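To start, the structure itself, in structure tokens.
The values are calculated or read from the model by the stated rules, or taken from the named source; none is laboratory data. Note that the coordinates shown come from a computational prediction; the quantities given were computed from them, not determined experimentally. Note: ideal-geometry Cβ built from the backbone for every residue, glycine included; neighbour counts use all protein chains shown. Remember, those area values only see protein heavy atoms, side chains included, never the ligands or the DNA or RNA. Shrake-Rupley method; radii C 1.70, N 1.55, O 1.52, S 1.80 Å.
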Amino acid sequence: MTVVRDDADGLVAWLAPRTPLLKTVLADGRELRHAGPVGMFTEPRVLKLDIWHGTGILKVAPAGKPWSVWYFWGSDGTFHGWYVNLEDPHTRDYEARRTTTQDHVLDLWITPDREIHWKDEDELEGAVLAGRFTQAQADAITATAHQAVTEIQAWTAPFNDNWQSWTAPPDWPLPSA
């Protein structure tokens, strides 16, 4: 990814179309979701070298927040919405030039007219059944989602930062593998 901004407010990074990436898939090469909400956490997995196939995504990781906000656009440049990825707050390793987080499975989708949709509740239940999270951890993740909803409804940063109008400079090089 290309760093757009990295400061006290957090990290903003751009995932350009066709960016090389490592992707976790089932041992037979299928997407994790093909194994179902429990199997996606218990079936054997491997890493696969791939490329990002969608339009670009701007990812905003607010400092200290247990989520990041992903901005999605259509191929014609129309803003499609915000995806709130619940996860551990990002920790940084400046020497290695990376950040680390752990996904919490549950997510939120916010449409351009600010309608909020919960996503992947079944996968969070599957993660508990598979032993990835305890029920207490899943309850805490759900509580975090409610906190995120409160911030979305209050339209705090980064939602009010107008990132949906941002575009990547056309001369930015594609990151290499």
| Can you tell me which of Ala140, Ala136, Ala145 is touching a strand residue (DSSP E or B) at 6+ places or on another chain (Cβ under 7 Å), part of a helix (DSSP H, G or I) and not polar (S, T, N, Q)? | Ala145
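Residue by residue, here is whether (1) closer than 27 Å to Glu43 by Cβ; (2) in contact with a Pro (Cβ under 6 Å, 6 or more places away or on another chain) holds:
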{"position": "Arg92", "(1), (2)": "no, no"}
{"position": "Glu115", "(1), (2)": "no, no"}
{"position": "Glu121", "(1), (2)": "yes, no"}
{"position": "Gly126", "(1), (2)": "yes, yes"}
{"position": "Gln135", "(1), (2)": "yes, no"}
{"position": "Ala148", "(1), (2)": "no, no"}
{"position": "Trp163", "(1), (2)": "no, no"}
{"position": "Pro169", "(1), (2)": "no, no"}
| task | Among the residues of the range 111-128, count how many are farther than 15 Å from Ala35 by Cα and without any contact (Cβ under 8 Å) to a residue 40 or more places away in the chain. | result | 9
| said: Quick check on the range 48-64. Is at least one of its residues more than 19 Å from Thr19 (Cα to Cα), crowded, with 16+ Cβ neighbours inside 10 Å and among the charged types (D, E, K, R)? | reply: no
| task | Would you mind finding the one in Trp172, Trp166, Trp82 that is open to solvent by less than 30 Å² (accessible area, probe 1.4 Å) and within 20 Å of Ala16 (Cβ to Cβ)? | result | Trp82
| Unmet requirement for Lys65, which otherwise passes all of (1) in contact (Cβ under 8 Å) with a residue 12 or more places away in the chain; (2) not in a loop (DSSP other than H, G, I, E, B); (3) not aliphatic (A, V, I, L, M) | (2)
| From the options Thr111, Thr99, residue that is modelled with pLDDT of 95 or more and hydroxyl-bearing (Ser, Thr, Tyr) | Thr111
| message | Quick test for you: out of Thr134, Thr144, Thr100, pick the one residue that is of a type in the set (Ser, Thr, Tyr) and open to solvent by less than 30 Å² (accessible area, probe 1.4 Å). | response | Thr144
| remark: Checked Ala13, Ala35 against criteria (touching a Phe, Trp or Tyr at 6+ places or on another chain (Cβ under 9 Å), surrounded by 11 or more Cβ atoms within 10 Å (Cβ to Cβ) and of a type outside the set (Asp, Glu)); the one match is Ala35
| query | In the range 22-32, which residues are open to solvent by 40 Å² or more (accessible area, probe 1.4 Å) and outside any loop (DSSP other than H, G, I, E, B)? | reply | Leu22, Lys23, Thr24
| task | Sort out which residues of the range 112-125 are closer than 17 Å to His146 by Cα and open to solvent by less than 60 Å² (accessible area, probe 1.4 Å), and write them in order of number. | result | Ile116, Asp120, Leu124
